[in-house]
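S.K.: Sharing a structure below in structure tokens format, with a few things to ask.
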Amino acid sequence: MKKYFYTVLTTLMAVMTIMTLVSCGDDDDNVDSGTATKIPSYLNCPDDHHPHLIDLGLPSGTKWACCNVGADKPEVYGGYYAWGETEEKTVYNDITYPYCTGEDTDGDGLFDKNCSFKNLGSDIASTQYDVAHVKWGDSWCMPSLTQFNELLNNCTNTWTTKNGVNGRQFSGQNGGTIFLPATGFKWGDQLLESGNKGSYWSATQSQSDLHFANFLTYVEDGIGWIGGGRRCGFAVRPVSK
């Protein structure tokens, strides 16, 4: 099996056209402190002390963070992480991904021979592979695919701009709101599609292929989830209860 990353990239927009689109429209903790201090919930981000729990009135009681891992404001992109990794890096490809082995016969950073991926588990939330839990501690974790679906099914979402940054605002029936900036993604040493596309990891590994994990993706005209190559650098928006 060859060139999975490029296959995903070239087919992503085609897949999004046939996906079901969802259209509509103490709190002083340091973001990366890892402390276990109880954090109150709000309907929207009240100040610049992060992170905050945002209550969107979801049936499960799940609260979403006001900003991404590594960000200090809702509109800031924050860090980019390969799935299962907890630190950023300079280059994102097969060679730099610790949970992948194989041979790169043509030097393009992609294993095209004897490629094999380590199974990290069907759901890495609250494990050593969960960057949200490792960085923020307490009950913070990466959202599961189920939690992404709950967000899509119970909130309206609208492509908008916040402080000059493109992204999507999700609004719950209780008046709670979160803003997810259009972060783009990292591959190789490049940041791609920032301002045009959002790419957010879930904690859920693909059931059909260990090369992939599920992620939320959106552009101005559509939103949904799909499997993406685990060695890509995507943003993470934590959840908690």
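The values are calculated or read from the model by the stated rules, or taken from the named source; none is laboratory data. Because the structure is a prediction, the values reported are computed rather than measured. Here Cβ is always computed from backbone atoms with ideal geometry, including for glycine, and neighbour counts include all displayed protein chains. Protein only, heavy atoms only, side chains kept; ligands, DNA and RNA dropped before computing areas. Shrake-Rupley method; radii C 1.70, N 1.55, O 1.52, S 1.80 Å.
S.K.: Ignoring ligands, DNA and RNA, what percent of the accessible area of the stretch 138-184 is carbon or sulfur (1.4 Å)?
M.R.: That fraction is 39 percent.
S.K.: Here is a further query. Cα-based count: Lys pairs in the stretch 67-211 below 24 Å, eight or more positions apart or different chains?
M.R.: The number of close lysine pairs in the stretch 67-211 is 16.
S.K.: Calculate the spin-label point distance for V76 paired with D47, positioning each point 7 Å from the Cα along the beta-carbon direction, and give it in nanometres.
M.R.: For the pair D47/V76, the computed spacing is 1.7 nm.
S.K.: Need the full-extension length gain, N174 to T96, defined as separation in residues times 0.36 nm minus the C-alpha distance. One decimal, nm.
M.R.: 23.7 nm
S.K.: Next up: Where only protein heavy atoms count, and the probe is 1.4 Å, what is the accessible area per residue for the stretch 139-241 in Å²?
M.R.: Roughly 34 Å² per residue, with all protein chains present.
S.K.: If I ignore ligands, DNA and RNA and count only protein heavy atoms, how much of F212 is accessible to a 1.4 Å probe, in Å² to the nearest 10?
M.R.: Solvent-accessible area, nearest 10 Å²: 40 Å².
S.K.: Continuing with the same structure: What is the set of long-range amide H partners of T156 at a cut-off below 5 Å, with H atoms built 1.01 Å from backbone N?
M.R.: Answer set, sorted by chain and number: S171.
S.K.: OK, next. I'd like the accessible area for C155: 1.4 Å probe, protein heavy atoms, all chains in place, Å² to the nearest 10.
M.R.: 10 Å²
S.K.: Here is a follow-up. Quick one: Karplus J couplings for the stretch 229-234, per residue in order, coefficients 6.51, -1.76, 1.60, θ = phi - 60°, nearest Hz, x for Gly and Pro?
M.R.: Those phi angles translate into x, 4, 8, 6, x, 10 Hz.
S.K.: Here is a follow-up. With every protein chain kept in place and ligands, DNA and RNA left out, what is the accessible area per residue of the stretch 75-136? Probe 1.4 Å, answer in Å².
M.R.: 45 Å²
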